[in-house]
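Notes follow the structure.
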Amino acid sequence: MDFDHSPRALELQAQLSTFMARHVYLAETLYGKQVESGHRHHRPPILEELKRLARAEGLWNLFLPGDHGAGLSNLGYAPLAEIMGRISWASEIFNCSAPDTGNMEVLSLYGTAEQKKRWLGPLLAGEIRSAFSMTEPEVASSDATNIQCSIRRDGEEYIVNGRKWFTSGAMSEDCKVLIVMGKTDPGNPNKHLQQSMILVPRETPGIRIVRDMRVFGYDDAPVGHPEIVYDNVRVPATNILLGEGRGFETAQGRLGPGRIHHHCMRLIGCAQRALELMCARVQSRVAFGITSSGKWKR
């Protein structure tokens, strides 16, 4: 298999690495202070400043393969995700953060013209954020065929009822829309045709945030992963994505590439930086009066 990168991919790797060195690493401490001192789910001012700089340099929507993004394949984008992953929150600077990346991919691939105009445009511009609402507490929903959230047609509307948790992105004050996965046809003998995905505006009546949640003890403010109850949430029938019964298909198209470049590659970048910091610390550390070179330090 050929793992050589295109000249465009190599150019972006160099440009992104330079931007990280000049701007992002230097802002890491300030970002943490602004998150701690401000509203927990408010975008820190330094993040907005860095986003303006990144967009001005053309480092924007790098994940999208089509006309909206950098035009890279997964292979070309992977090292960029690794570079951004060296700081956990850096990907948002370049409008490449989950769950917005996956949601933008869904809208660009499967959205109607009206859905793209209302939601994709503002997401591509970084004006709003979004959430992805699939996982449920009552079932083993890592297998999406198990989900029980109901999406029932009622005239020109759908009614959504269910309980979700780890709804990535929903705590952010900039979140304006959720992609919710549920069942429109629970009796279908083909279990992969029971599900659908629907766009639910964040301020729709009947949406109740139960609590924000931690993942392995880690807080993810300002984005959050809350538990949410959908109680007779009504949205227009035109908000369905791709069509009834195609939710599992949509989920595969969304999660397939995203699990690789949005998560795995970022974690590789995070691990690489941790190793580099550890190696640097070993060289400067003094333990029991002895330096790393074995000399006494008085």
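The values are calculated or read from the model by the stated rules, or taken from the named source; none is laboratory data. Quantities reported herein were computed from a predicted structural model and do not represent experimental measurements. Positions of Cβ are generated from backbone atoms using ideal geometry, with glycine treated the same way; all protein chains shown enter the neighbour counts.
Couple of notes before you dig in:
- Residue ID - nearest to residue 83 (Cα to Cα), chosen from residues in the stretch 229-265 that are crowded, with 17+ Cβ neighbours inside 10 Å and among the basic types (Lys, Arg): 254
- Tally of residues being surrounded by fewer than 17 Cβ atoms within 10 Å (Cβ to Cβ), among the small types (Gly, Ala, Ser) and touching a helix residue (DSSP H, G or I) at 6+ places or on another chain (Cβ under 9 Å) across the stretch 1-29: 2
Each row is one residue, and each column tells you yes or no for (1) under 19 Å from the mean Cα position of the chain (by Cα); (2) of a type in the set (Ser, Thr, Tyr); (3) surrounded by 16 or more Cβ atoms within 10 Å (Cβ to Cβ).
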| site | (1), (2), (3) |
| --- | --- |
| 134 | yes, no, yes |
| 138 | no, no, no |
| 144 | yes, no, yes |
| 147 | no, no, yes |
| 151 | no, no, yes |
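- Qualifying residue in the stretch 112-127 (condition: closer than 18 Å to residue 238 by Cα and touching a strand residue (DSSP E or B) at 6+ places or on another chain (Cβ under 8 Å)): yes
- Selection within the stretch 66-77 - surrounded by fewer than 20 Cβ atoms within 10 Å (Cβ to Cβ) and farther than 14 Å from residue 109 by Cβ: 71, 73, 74, 75
- All strands (runs of 3 or more DSSP E) inside the stretch 121-240 with 3 or more residues being within 30 Å of residue 31 (Cβ to Cβ) and at pLDDT 95 or above: 129-133, 175-183, 207-211
- Only one of the listed residues (244, 227) is touching a residue at least 24 places away in the same chain (Cβ under 8 Å), closer than 29 Å to residue 65 by Cβ and acidic (Asp, Glu). That residue is 244.
- Some residue of the stretch 109-121 being among the β-branched types (Val, Ile, Thr) and under 24 Å from residue 171 (Cα atoms): no
- Selection count, the stretch 64-99, where residues are in contact with a His (Cβ under 7 Å, 6 or more places away or on another chain) and farther than 17 Å from residue 273 by Cβ: 4
- Checked against (1) over 23 Å from residue 220 (Cβ atoms); (2) surrounded by fewer than 20 Cβ atoms within 10 Å (Cβ to Cβ); (3) under 14 Å from the mean Cα position of the chain (by Cα), residue 118 passes all but condition (3).
- Matching residues in the stretch 99-114 - criterion: being in a helix (DSSP H, G or I), hydroxyl-bearing (Ser, Thr, Tyr) and over 10 Å from the mean Cα position of the chain (by Cα): 108, 110
- Selection within the stretch 83-123 - of a type in the set (D, E, K, R) and in contact (Cβ under 8 Å) with a residue 12 or more places away in the chain: 86, 92, 100, 105, 114
- Residue count for the stretch 24-52 under the criterion of being touching a residue at least 40 places away in the same chain (Cβ under 8 Å) and out of contact with any His (no Cβ under 9 Å at 6 or more places or on another chain): the result is 12.
- Any hit, the stretch 249-267, residues being in a loop (DSSP other than H, G, I, E, B) and touching a helix residue (DSSP H, G or I) at 6+ places or on another chain (Cβ under 9 Å): no
- Scanning the stretch 207-228 turns up no residue that is farther than 27 Å from residue 38 by Cβ and surrounded by fewer than 23 Cβ atoms within 10 Å (Cβ to Cβ).
- Residues in the stretch 30-46 that are crowded, with 18+ Cβ neighbours inside 10 Å and touching a helix residue (DSSP H, G or I) at 6+ places or on another chain (Cβ under 7 Å): 31, 44, 46.
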